[in-house]
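The values are calculated or read from the model by the stated rules, or taken from the named source; none is laboratory data. If you're wondering where the values come from, they're calculated on a predicted model, not measured in any experiment. FYI the Cβ positions are ideal-geometry reconstructions off the backbone, even for glycines, and counts take in every protein chain you see.
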Amino acid sequence: MVSEKELPIAAFTCLYRFRSSNILDWIESTCTIFNDNWGRLAAVCFPTWERMKSWLNKGRPLSLIALDTMANCVKGYGDIYVEQFSPKILGTEISEVDQVLNEYFHIDGVPRVKMKLSRIMENEKEIFELNR
C-alpha cells in the first residue's frame, strides 16, 4: 500500500508516460493534499483551460495543482521528464487568462501563489495553446 505522502511521486513515476486525460480525472478524485508531483503529472496529461479554471475554482489543493500544471509548461522550469513532452494547456481562451488568474490571486494571495502567477503570466505564449 502506498501512503498518502508517497502517492504523488509514485503516481508520477508510474503514470506520466501514459499521458491520458483520464489521469486528470483520477487526480481530481484522489488528491487530498498538495504536492509538486501532481502538477508535473497533470502537465503531461493534456490539461485543458476549462479544467484549469475548474480546479482554480475548487480551491486547495486542486487550485495549487492547477498553478503548478501551468507553470510546468514553461521550458526550463526544471523537470526533464515533463519538458520532453513540451506540454501545453489546451483549448485556451487567451482573453480569459489574465482575468481568471487575477481573480484567483485575490482569493489566495500568498507568496507562493504570487510567484507562480507571475511565472505563468510572463510565459503565457509558451504555456497556452489557443482555442481555434
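Could you tell me whether any residue of segment 48-61 is touching a helix residue (DSSP H, G or I) at 6+ places or on another chain (Cβ under 7 Å) and assigned to a loop (DSSP other than H, G, I, E, B)?
no
Taking into account only those residues within segment 65-100 that are assigned to a loop (DSSP other than H, G, I, E, B) and of a type in the set (D, E, K, R), which is farthest from R119 (Cα to Cα)?
Applying the filter and picking the extreme gives E93.
Inside segment 22-37, can you point out the residues that are in a helix (DSSP H, G or I) and either buried (at least 18 other Cβ atoms within 10 Å of the Cβ) or under 12 Å from the mean Cα position of the chain (by Cα) (or both)?
Of everything in segment 22-37, those that are in a helix (DSSP H, G or I) and either buried (at least 18 other Cβ atoms within 10 Å of the Cβ) or under 12 Å from the mean Cα position of the chain (by Cα) (or both) turn out to be I23, L24, I27, E28, D36, N37.
Considering segment 1-16 alone, what residues qualify as being surrounded by 14 or more Cβ atoms within 10 Å (Cβ to Cβ) and outside any loop (DSSP other than H, G, I, E, B)?
Hits for segment 1-16 are L7, P8, I9, A11, F12, L15.
For D79, are the conditions met, namely being at pLDDT below 95 and either among the charged types (D, E, K, R) or crowded, with 20+ Cβ neighbours inside 10 Å (or both)?
Yes; evaluated as a whole, the condition is true for this residue.
From the list R19, R40, which residue is at pLDDT 95 or above, part of a loop (DSSP other than H, G, I, E, B) and within 28 Å of L130 (Cβ to Cβ)?
Answer to the check: R19.
Has segment 90-112 got at least one residue that is surrounded by 12 or more Cβ atoms within 10 Å (Cβ to Cβ), within 16 Å of the chain's Cα centre (by Cα), over 16 Å from N37 (Cβ atoms) and among the hydroxyl-bearing types (S, T, Y)?
yes
Looking at segment 50-61, which of its residues are hydrophobic (A, V, I, L, M, F, W, C) and surrounded by fewer than 22 Cβ atoms within 10 Å (Cβ to Cβ)?
The one that is hydrophobic (A, V, I, L, M, F, W, C) and surrounded by fewer than 22 Cβ atoms within 10 Å (Cβ to Cβ): L56.
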